[in-house]
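Enquirer: Okay, here's the structure, questions in a sec.
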Amino acid sequence: MLRLHTLRRSLQPLRRRRPFCSVPNPPPAATRDAEFRRYIGYGVLFLGCGAITYYSFPFPESAKHKKAELFRYAPLPADLHTVSNWSGTHEVQTRTFLQPESAAELESVVKEYNEKKQKIRPVGSGLSPNGIGLTRNGMVNLALMDRVLEVDEKNKRVRVEAGIRVQQLVDGIKDFGLTLQNFASIREQQIGGIVQVGAHGTGARLPPIDEQVISMKLVTPTKGTIEVSKEKDPELFYLARCGLGGLGVVSEVTLQCVERQELVEHTYVSTMNEIKKNHKKLLCDNKHVKYLYIPYTDKVVVVTCNPLSKWKGLPKHKPKYTAEEAIQPIRDLYKESLIKYRKTAVASDEKEPNVDELSFTELRDKLLALDPLSKEHIMKTNQAEAEFWTKSEGYRVGWSDEILGFDCGGQQWVSETCFPAGTLSKPSMKDLEYIERLLQMIEQEDIPAPAPIEQRWTGCSRSRMSPAYSSSPEDIFSWVGIIMYLPTTDARERKQITDEFFHYRRLTQAKLWDDYSAYEHWAKIEVPKDKDELAALQARLRKRFPVDAYNQARKELDPNHIFSNYMLEKLFPVTETV
């Protein structure tokens with residue numbers, strides 16, 4: 001650049017000695033405009049080159065799970081904690097991540113941060129798909145408060161610190177012959193978290209997990225530690241039991257348990273027509289039941305679980321296929337797809353893991369990763385999954401905490417809705433109608449929807465913020481979950497899958513939710529970015545939930561909103577009247 005300017009200065013005298021030139025020297029203003037445009041061009045070129053370099057440069061192994069954001073990988077301060085949810089869909093950096101070891105320490109923390117008016121949002125195991133417990137402003141986690149405090153064998157009750165994980169609790173009380181009444185799909189949740197978001201298992205006679213809570217202790221900024229129960233303060237108890245972490249830090253929970261028992265799980269493949277004929281019987285006759293729908297096929301996987309009969313004994317059933325034969329269709333499809341997408345056989349790819357050692361869900365993740373948004377590829381994968389389930393029909397016996405779990409697969413986006421389905425004595429059949437319309441929509445819109453679409457049922461909850469709340473004890477509710485897996489570490493592919501999933505979810509919302517009074521699970525609801533969509537969601541939540549009462553309780557117990565975060569503030573904005 002220096003040489004160029006020097007050359008121009010040396011040419012200026014020559015230009016002044018050429019009066020015969022018909023082009024006059026440009027005026028000073030034009031010169032400045034030309035210079036400005038030139039430097040603008042340099043700037044655009046520089047930014048363009050930077051962008052091309054950034055997006056074409058390979059991600060380091062330690063950063064492949066990150067989102068593609070400019071300057072994401074600048075060195076972080078040593079005191080900055082990175083906290084993300086299990087699915088890797090939500091992540092924050094914070095300098096405040098507290099883990100008290102006792103109730104007294106927790107009380108001290110809440111008092112201190114309330115005086116500073118600094119947020120310390122309660123966060124559990126980080127398993128919620130929407131990251132409902134996350135905030136960059138500060139978090140408090142009770143992982144070190146995980147003891148079983150008291151077991152009442154006579155009344156089948158247990159009192160625990162809220163940081164204990166479900167599996168820890170089950171292991172801690174099994175020697176007393178007790179267990180929990182129901183379970184969600186996984187066992188790693190902290191008890192405080194699983195209760196606060198209204199989590200659930202399956203079984204039309206069994207309520208969501210928050211209904212197992214007899215009493216609990218809340219650590220609040222204004223009232224210190226308070227114990228709430230239906231006897232002491234029923235209004236606050238039924239509001240705070242599914243309180244989304246916004247009314248206080250749950251420090252202790254007393255749960256109603258049941259006798260530990262072995263269950264017989266029966267898995268078989270049916271069709272929608274057969275399900276319609278037997279739906280009421282399936283709901284009434286089985287303690288636990290769920291349906292797994294496989295898009296672009298007519299197959300429905302039915303899973304029932306019932307107590308092992310002392311009179312009947314173990315089921316006398318010999319499987320038609322071995323586990324190896326059952327998994328072979330999806331294994332073969334993976335090998336075939338590797339050749340198609342990678343132009344090479346498995347045997348010649350040294351980096352490829354031993355296919356024969358991969359589980360079904362691991363194989364499915366790897367299959368989907370090859371072309372996650374191709375409808376044709378998803379259809380083939382779903383068909384192979386249907387064949388896997390058909391060859392996996394049979395029985396399994398085990399303790400309830402072993403049987404009722406479910407391998408959800410790898411990282412994923414998920415949206416789960418809850419809606420009324422009548423009563424056990426008179427099912428509305430709206431639950432099956434919902435599914436039929438959902439499956440039709442998937443095919444009409446060419447959505448690359450992987451399997452399964454999971455449908456479960458629960459009884460009602462008396463917790464006022466529960467999606468399954470009802471004042472009628474006979475009411476039952478259906479829960480339907482749609483998913484898209486995130487089987488890749490490539491940030492751009494994850495962004496594309498995310499965009500497609502939210503398109504899928506928006507279509508479901510537009511075509512189904514209002515018709516069936518469906519509301520999303522609190523751990524899976526997402527805050528819209530669009531202002532109009534957010535306003536519509538806020539209005540919709542007000543129709544179903546006691547938002548004013550909830551906000552009033554927040555004002556009384558946490559006036560500085562130290563337990564709040566972006567999600568709570570957007571979903572439940574505080575009005576002047578509260």
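The values are calculated or read from the model by the stated rules, or taken from the named source; none is laboratory data. What you are looking at is a predicted structure, and each value in this text was computed from that prediction instead of being measured. Note that each Cβ is placed from the backbone with ideal geometry, even for glycine, and that neighbours are counted across all protein chains shown. Side chains included, ligands, DNA and RNA excluded: accessible areas come from the protein's heavy atoms. Shrake-Rupley method; radii C 1.70, N 1.55, O 1.52, S 1.80 Å.
Enquirer: Take the residues in region 530-551 that are more than 22 Å from the chain's Cα centre (by Cα) and in contact (Cβ under 8 Å) with a residue 40 or more places away in the chain, then tell me which one is least open to solvent (accessible area, probe 1.4 Å).
Expert: Of everything passing the filter in region 530-551, Y550 is least open to solvent (accessible area, probe 1.4 Å).
Enquirer: Quick check: is even one residue across region 421-443 farther than 27 Å from T488 by Cβ, in contact with a Cys (Cβ under 6 Å, 6 or more places away or on another chain) and part of a loop (DSSP other than H, G, I, E, B)?
Expert: Yes, there is a match, as at least one residue in region 421-443 is farther than 27 Å from T488 by Cβ, in contact with a Cys (Cβ under 6 Å, 6 or more places away or on another chain) and part of a loop (DSSP other than H, G, I, E, B).
Enquirer: Sticking with this structure for a sec: For region 252-260, check the following and say yes or no: at least one residue is within 27 Å of the chain's Cα centre (by Cα) and among the hydroxyl-bearing types (S, T, Y).
Expert: Yes, some residue in region 252-260 is within 27 Å of the chain's Cα centre (by Cα) and among the hydroxyl-bearing types (S, T, Y).
Enquirer: So, L568, is that one of a type in the set (A, V, I, L, M), under 23 Å from L127 (Cβ atoms) and touching a strand residue (DSSP E or B) at 6+ places or on another chain (Cβ under 9 Å) or not?
Expert: Numbers: of a type in the set (A, V, I, L, M): yes; under 23 Å from L127 (Cβ atoms): yes; touching a strand residue (DSSP E or B) at 6+ places or on another chain (Cβ under 9 Å): yes.
Yes.
Enquirer: For residues in region 151-190 being of a type in the set (D, E, K, R) and without any contact (Cβ under 8 Å) to a residue 24 or more places away in the chain, which is most open to solvent (accessible area, probe 1.4 Å)? I'd like the intermediate steps shown before the answer.
Expert: Of all residues in region 151-190, those of a type in the set (D, E, K, R) come to 152-154, 156-157, 159, 161, 165, 171, 174-175, 187-188.
Cutting the leftovers down to without any contact (Cβ under 8 Å) to a residue 24 or more places away in the chain gives us 152, 154, 171, 175.
Details: D152: 49, K154: 178, D171: 70, D175: 138 Å².
Checking each candidate, the answer is K154.
Enquirer: Suppose we filter region 491-500 for residues that are surrounded by 14 or more Cβ atoms within 10 Å (Cβ to Cβ) and out of contact with any Leu (no Cβ under 9 Å at 6 or more places or on another chain); how many remain?
Expert: 1
Enquirer: Taking region 254-266, which residues are open to solvent by 40 Å² or more (accessible area, probe 1.4 Å) and of a type in the set (S, T, N, Q)?
Expert: Once the filter is applied, which keeps residues that are open to solvent by 40 Å² or more (accessible area, probe 1.4 Å) and of a type in the set (S, T, N, Q), region 254-266 yields Q256, Q261.
Enquirer: Here is a follow-up. Counting just the residues of region 339-351 that are of a type outside the set (K, R) and at pLDDT 65 or above, which one comes out least open to solvent (accessible area, probe 1.4 Å)?
Expert: The initial filter retains those residues of region 339-351 that are of a type outside the set (K, R), namely 339, 341, 344-350.
From the residues that got through so far, the ones that are at pLDDT 65 or above too are 339, 341.
Working: I339: 94, Y341: 71 Å².
Restricting to residues being of a type outside the set (K, R) and at pLDDT 65 or above, the top hit is Y341.
Enquirer: How many of the residues making up region 80-94 are closer than 28 Å to G224 by Cα and open to solvent by less than 20 Å² (accessible area, probe 1.4 Å)?
Expert: 1
Enquirer: Would you confirm, using the coordinates I've provided, whether I294 is in contact (Cβ under 8 Å) with a residue 24 or more places away in the chain and touching a Pro at 6+ places or on another chain (Cβ under 7 Å)? Break it down into steps so the answer makes sense when it comes.
Expert: Working: in contact (Cβ under 8 Å) with a residue 24 or more places away in the chain: yes; touching a Pro at 6+ places or on another chain (Cβ under 7 Å): yes.
Yes; evaluated as a whole, the condition is true for this residue.
Enquirer: Of all the residues that make up region 367-377, how many are surrounded by fewer than 20 Cβ atoms within 10 Å (Cβ to Cβ) and under 22 Å from the mean Cα position of the chain (by Cα)?
Expert: 2
Enquirer: What's the total number of residues in region 95-132 that are surrounded by 20 or more Cβ atoms within 10 Å (Cβ to Cβ) and touching a strand residue (DSSP E or B) at 6+ places or on another chain (Cβ under 6 Å)?
Expert: Looking only at that region, the number is 9.
Enquirer: Hey, another quick one. Taking region 287-319 on its own, how many of its residues are at pLDDT 90 or above, farther than 18 Å from G398 by Cβ and not aliphatic (A, V, I, L, M)? Reasoning before the result, please.
Expert: Initially, region 287-319 is screened for residues at pLDDT 90 or above, giving 287-308.
Narrowing further to those that are farther than 18 Å from G398 by Cβ: 291-302.
Remaining after also requiring not aliphatic (A, V, I, L, M): 291, 293, 295-299.
The qualifying residues number 7.
Enquirer: All but one of (1) of a type outside the set (S, T, N, Q); (2) open to solvent by 20 Å² or more (accessible area, probe 1.4 Å); (3) touching a Pro at 6+ places or on another chain (Cβ under 7 Å); (4) closer than 26 Å to V213 by Cα hold for P473, so report the exception by its number.
Expert: Checking P473 against (1) of a type outside the set (S, T, N, Q); (2) open to solvent by 20 Å² or more (accessible area, probe 1.4 Å); (3) touching a Pro at 6+ places or on another chain (Cβ under 7 Å); (4) closer than 26 Å to V213 by Cα, the one that fails is (3).
Enquirer: Quick check on my filter: what residues within region 477-533 are farther than 30 Å from M429 by Cα and β-branched (V, I, T)?
Expert: Of everything in region 477-533, those that are farther than 30 Å from M429 by Cα and β-branched (V, I, T) turn out to be T488, T489, I497, T498, V527.
Enquirer: Take region 95-132 and flag every residue that is among the basic types (K, R), farther than 23 Å from E227 by Cα and modelled with pLDDT of 95 or more.
Expert: Residues of region 95-132 among the basic types (K, R): 95, 111, 116-117, 119, 121.
Add one more test, that the residue is farther than 23 Å from E227 by Cα, and what stays is 95, 116-117.
K116, K117 - these are the residues of region 95-132 that are among the basic types (K, R), farther than 23 Å from E227 by Cα and modelled with pLDDT of 95 or more.
Enquirer: In region 295-324, which residues are open to solvent by 60 Å² or more (accessible area, probe 1.4 Å) and either under 27 Å from the mean Cα position of the chain (by Cα) or closer than 30 Å to E443 by Cα (or both)?
Expert: D298, K299
Enquirer: Quick check on region 116-138. Is at least one of its residues out of contact with any Gly (no Cβ under 9 Å at 6 or more places or on another chain) and farther than 30 Å from E416 by Cβ?
Expert: First, the residues of region 116-138 that are out of contact with any Gly (no Cβ under 9 Å at 6 or more places or on another chain): 116-117, 129-131, 135-138.
Checking which are farther than 30 Å from E416 by Cβ leaves us with 116-117.
Yes, that holds for at least one residue.
Rundown of residues vs (1) within 29 Å of T322 (Cβ to Cβ); (2) open to solvent by 20 Å² or more (accessible area, probe 1.4 Å); (3) under 26 Å from the mean Cα position of the chain (by Cα), yes/no style:
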{"site": "E385", "(1), (2), (3)": "yes, no, yes"}
{"site": "W389", "(1), (2), (3)": "yes, yes, yes"}
{"site": "K426", "(1), (2), (3)": "no, yes, no"}
{"site": "Y434", "(1), (2), (3)": "no, no, yes"}
{"site": "E443", "(1), (2), (3)": "no, yes, yes"}
{"site": "P452", "(1), (2), (3)": "yes, no, yes"}
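Enquirer: Let me ask you something else. Tell me which residues, restricted to region 451-470, are out of contact with any helix residue (DSSP H, G or I) (no Cβ under 6 Å at 6 or more places or on another chain), in a loop (DSSP other than H, G, I, E, B) and within 30 Å of D499 (Cβ to Cβ).
Expert: Selection gives P452, P467.
Enquirer: Right, something else. V170 versus (1) modelled with pLDDT under 95; (2) within 26 Å of H81 (Cβ to Cβ); (3) not small (G, A, S): which is the lone unmet condition?
Expert: (2)
Enquirer: Only one of E526, E474, E520, E556 is free of Cβ contacts under 8 Å to residues at least 60 places away in the same chain and not hydrophobic (A, V, I, L, M, F, W, C); which? Before you say what the answer is, go through the steps one by one.
Expert: Values: E526 fails: free of Cβ contacts under 8 Å to residues at least 60 places away in the same chain; E520 fails: free of Cβ contacts under 8 Å to residues at least 60 places away in the same chain; E556 fails: free of Cβ contacts under 8 Å to residues at least 60 places away in the same chain.
Being free of Cβ contacts under 8 Å to residues at least 60 places away in the same chain and not hydrophobic (A, V, I, L, M, F, W, C) holds for just one of E526, E474, E520, E556, which is E474.
Enquirer: So, of the residues in region 552-568 that are of a type outside the set (G, A, S) and not in a loop (DSSP other than H, G, I, E, B), which turns out to be nearest to the chain's Cα centre (by Cα)?
Expert: For region 552-568, the residue satisfying everything is M567.
Enquirer: In region 267-292, which residues are assigned to a loop (DSSP other than H, G, I, E, B) and open to solvent by 40 Å² or more (accessible area, probe 1.4 Å)?
Expert: Step one: filter region 267-292 for residues assigned to a loop (DSSP other than H, G, I, E, B), giving 286-287.
Answer for region 267-292, where residues must be assigned to a loop (DSSP other than H, G, I, E, B) and open to solvent by 40 Å² or more (accessible area, probe 1.4 Å): just K287.
Enquirer: Sticking with this structure for a sec: Restrict the check to region 479-499 and report whether at least one residue is in contact with a Cys (Cβ under 7 Å, 6 or more places away or on another chain) and touching a residue at least 40 places away in the same chain (Cβ under 8 Å). Working first, answer last.
Expert: At the first step, the residues of region 479-499 found to be in contact with a Cys (Cβ under 7 Å, 6 or more places away or on another chain) are 479.
Of the ones still in play, those that are also touching a residue at least 40 places away in the same chain (Cβ under 8 Å) are 479.
Checking region 479-499: at least one residue is in contact with a Cys (Cβ under 7 Å, 6 or more places away or on another chain) and touching a residue at least 40 places away in the same chain (Cβ under 8 Å).
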